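**Student:** Below is one structure. I have some questions about it.
Please treat every number below as a calculation from the coordinates, not as lab data. Here the structure is a predicted model, which means the values were calculated and not measured. When we count neighbours, we look across all protein chains shown, and the Cβ atoms used for this are built from the backbone with ideal geometry, even at glycine.
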């Protein structure tokens with residue numbers, strides 16, 4: 001999912017990408033793509049950070065059930 005480069009700033013609620021370098025922008029996009037991929041597979045990571053997404057996916061793959069980061073347990077089918 002790609003966002004508009006000139007995303008508006010509503011009283012500090014949303015980050016703007018003005019002044020970001022390409023590396024930071026690519027990392028941001030990569031983390032969000034990984035998060036959305038996990039959610040589409042039924043996994044709910046604790047956060048959108050790469051380490052949390054990877055941990056939730058690893059736990060889900062090992063257990064054979066989707067991990068729910070909100071309750072810190074596995075979802076029942």
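**Student:** Along the Cα→Cβ direction, 7 angstrom out, place labels at residue 41 and residue 61. What is the inter-label distance in nm?
**Tutor:** 0.7 nm
**Student:** Hull surface divided by four, with the convex hull built on the Cα atoms of region 22-74: how many nm²?
**Tutor:** Seen from a random direction, the Cα hull of region 22-74 projects 3.2 nm² on average.
**Student:** With labels modelled as points extended 7 Å from the Cα through the Cβ direction, what inter-label distance (nm, one decimal) is found for residue 76 paired with residue 33?
**Tutor:** 3.7 nm
**Student:** Using the basic label-point model (7 angstrom from Cα toward the beta carbon), what is the residue 25 to residue 51 distance in nanometres?
**Tutor:** Going from the residue 25 label point to the residue 51 one covers 2.7 nm.
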